[in-house]
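Here's the structure, in structure tokens; my notes come after.
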Amino acid sequence: MQVDFAIVGAQKCGTTTLYDILNTHPDLVGSRVKEPHFFLAPDWRARLNDYNALFAQRPGAKYFEASTSYTFFPLRRLGIWHDMFEYNPAKKFIYLVRNPIDRIVSNFVHVYERSTITASIDEELRTNRFYLDVTRYHTQIMPFIRKFVRDRVMLIDFDDLIEDRETVMRDLSEFLEVDPEHFGDYADVHSNASGDPRILQARHYSPPPHLRVIRKFAPRLWRRITDNSKRILTERPTPNAESRELVQTMLDLEVRGLEELLEKDLSAWLPATDSTPT
């Protein structure tokens, strides 16, 4: 078998929601682990059997996964698109994009709720390049377009996925060559939302042996140990004017390039700030 297509990002742009919707189709099989990050490993060629084992075998099905880390350039393995082309030169890709400020805020909330950081969103934006780099949509997706050609890459605006889901799914069905009538009820699917007190901190994803014993045999104690309710933000943070201007300045050319790919006006994504020069 070969994996036929992948959702490659962008992070916090609805990738989990789309992954869950696609999994309702009888002709599509998603990986058991949504984000296997398989091609980040330099030895991926020797581990293909492990990769294949992530998928339930179904005759005639199309297989897919959804690792947003594949578009974390240059923060992850460089040139990953070359390896993915070697694996399957006919592979297709889905890339979701979102208003940059909204994506960055959602990304910050995601990190905050799963870690112990104390910095504000404005401090994080200035000191952690990840937020801006992952929002460089044009830079992230162009290597895949150049390697696999434009027709094998579908871009989806997050707002369209939320507000006009039926049209998005019809277009996506044509792209994937599946019957649009065979999807399950996807109208209210909204996965991986922030603000859930059951969210684990990253340090508890793979607990040491003694905590694994507690998780298995003392679930109430495990819930107390992993209680994360104090890290849940009741209000979404709002970047200040300086931070918004930073995003506008750093991502202006990215948005212009993406407008050409999407053939869509995205000028509202980077509105002018209220700050005035002194």
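The values are calculated or read from the model by the stated rules, or taken from the named source; none is laboratory data. Note that the structure is predicted; figures quoted are calculated from it, not measured. So basically every Cβ, Gly included, is an ideal-geometry build from the backbone, and we count neighbours across all protein chains shown. For accessibility, only protein heavy atoms count, side chains too; no ligands or nucleic acids. Shrake-Rupley method; radii C 1.70, N 1.55, O 1.52, S 1.80 Å.
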Problem set entry | Karplus-derived 3J(HN,Hα), 6.51/-1.76/1.60, for each residue of segment 8-16, Hz, glycine and proline x | 10, x, 7, 4, 6, 10, x, 5, 5
Exercise. Applying the Karplus parametrisation 6.51 cos²θ - 1.76 cosθ + 1.60 with θ = phi - 60° to the phi angles of segment 203-220, what ³J(HN,Hα) value in whole Hz is obtained for each residue in order, glycine and proline being reported as x?
Worked result: 5, 9, 5, 10, x, x, x, 5, 6, 5, 5, 5, 4, 7, 9, 9, x, 5
Exercise. Which of SER243, SER106, SER267 moves the most in a Gaussian network model of the chain with Cα springs under 10 Å?
Worked result: SER267
For this session: Select from segment 1-61 those trypsin sites (Lys or Arg not before Pro) which occupy a DSSP coil region and have at most 16 other Cβ atoms within 10 Å, ordered by residue number.
Result: ARG32
Seminar exercise, completed: With the charge dipole of the chain built from beta-carbon charges (+1 for Lys and Arg, -1 for Asp and Glu) about the Cα centre, the Cα from TRP222, ASN23, LEU54 projecting farthest to the positive end belongs to TRP222
Problem set entry | Ellipticity estimate at 222 nm from DSSP helix runs (n ≥ 4, -39,500 (n - 2.57)) divided over the chain, nearest 500 | -12000 deg cm²/dmol
Exercise. Between LEU54 and ASP185, 0.36 nm times their residue separation minus their Cα-Cα distance comes to what?
Worked result: 44.7 nm
For this session: Quantify, in whole percent, the carbon and sulfur part of the accessible surface of the chain (1.4 Å probe; protein heavy atoms only).
Result: 50 percent
For this session: Can you tell me the order of 15-28, 223-236, 165-178 when each peptide is scored by its average per-residue count of other Cβ atoms within 10 angstrom, highest first?
Result: 15-28, 165-178, 223-236
Exercise. Using modelled backbone amide H atoms (1.01 Å from N, in-plane), which distant-in-sequence or interchain residues come within less than 5 Å of VAL29's amide H?
Worked result: LYS62, TYR63, PHE64
Problem set entry | Amide hydrogen neighbours beyond the local backbone of ILE7, cut-off 5 Å, H modeled | GLU65, ALA66, SER67, ILE94
For this session: Using +1 at the Cβ of each Lys and Arg and -1 at the Cβ of each Asp and Glu in the chain, identify which of ILE121, ILE145, LEU211 lies farthest towards the dipole's positive end.
Result: LEU211
Seminar exercise, completed: Expressed as a whole-number percentage, the relative contact order of the chain with C-alpha contacts under 8 angstrom and at least six residues apart is 24 percent
Problem set entry | Total charge dipole magnitude, the chain, about the Cα centre, Cβ charges on Lys, Arg, Asp, Glu only, Debye to nearest 20 | 1820 debye
Exercise. Amide H to amide H under 5 Å from ASP157: which residues, 5+ apart in sequence or cross-chain, H placed 1.01 Å off N in plane?
Worked result: VAL97
For this session: Taking the Cα centre of segment 167-236 as origin, sum charge times position over the Cβ atoms of Lys and Arg (+1) and Asp and Glu (-1), and report the length of that vector in debye to the nearest 20.
Result: 1240 debye
Exercise. Ordered by residue, what ³J(HN,Hα) values in Hz, to whole numbers, does segment 50-63 give under the Karplus form 6.51 cos²θ - 1.76 cosθ + 1.60, where θ = phi - 60° and Gly and Pro are x?
Worked result: 5, 5, 4, 5, 6, 10, 6, 6, 9, x, x, 7, 9, 9
